Structure formats: C-alpha cells, structure tokens
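As structure tokens, the structure follows; a few thoughts come after it.
The values are calculated or read from the model by the stated rules, or taken from the named source; none is laboratory data. These numbers were taken from a predicted model, which means no experiment stands behind them. Positions of Cβ are backbone-derived with ideal geometry, glycine not excepted, and every protein chain shown enters the neighbour counts.
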Amino acid sequence: QVQLVESGGGMVQPGGSLKLSCAASGRTFRSFTMGWFRQAPGKERDVVSTITWNGGITYYADSVKGRFTISRDNAKSTVYLQMDSLKPEDTAVYYCALRAFGVIRTYSDVDFWGKGTLVTVSS
C-alpha cells in the first residue's frame, strides 16, 4: 500500500505564501508522477501541479502558473508545492496524488490520494 501524507496547510493572507509537503511511504514504482490537486467546497477536484519522478518534468494549471512551484526530493520521497502570491481563489483542500507508470492530468489518472490539507487564503 502507498500512503501519502500532506502537511503545511493553514491560513494565510492574500499575497502570502505557504509550502505544502507530501511524503510518500510504502511501495514505490519505477516511473511515476506525483502532484497536487485542490478541491473547494462544491467544486471538482482539479489538478494544480504535477512532477514526474524520473525527469522532473513539471506541469502547472494555468491558474497557478508563475505563482506556484512544485519540486521533489527523491531521497525523501517527498513532493513540495511552494505557493506564493496566494489569492482567495486558491482556498481549497489540497490533495497529494500519485500515479504509477504515467503522468497525472485529471482525477481519473490518480492511483493514490492523500487525505488532504486545508489552505485558506483570507484576510
């Protein structure tokens, strides 16, 4: 079993920053992708950013380009999401996601989910 544990969520003022972490444990895969989704109340769970483990190829949703940065620490099996210039629209539960043997773009691509960490952007 793969376990994904997020941390780093909280409340921040507009324009502020947060850094999320997701640590993976359990079995690993040869070529996989990890990333972040977010889901606001009443909305779909949408991809925010992903990174491939082998090549470090990143993807960002248009809504976060230039503000968020995804990174990984292979030794720690951890993916990070540095969130800068946060907006109220970024408020959501952020979920760590992992797909074995492929990339992540949509909800259906994901094989394993974290429990989520809440990010609230408000003054």
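Quick rundown of the values:
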| quantity | calculated |
| --- | --- |
| Selected residue [at positive phi, at pLDDT below 95 and out of contact with any strand residue (DSSP E or B) (no Cβ under 8 Å at 6 or more places or on another chain)] from Gly15, Gly42 | Gly42 |
| Complete set of residues in the stretch 1-35 that are more than 15 Å from Ser49 (Cβ to Cβ) and among the charged types (D, E, K, R) | Arg27, Arg30 |
| The stretch 33-60: number of residues that are among the hydrophobic types (A, V, I, L, M, F, W, C) and farther than 15 Å from Ser108 by Cα | 4 |
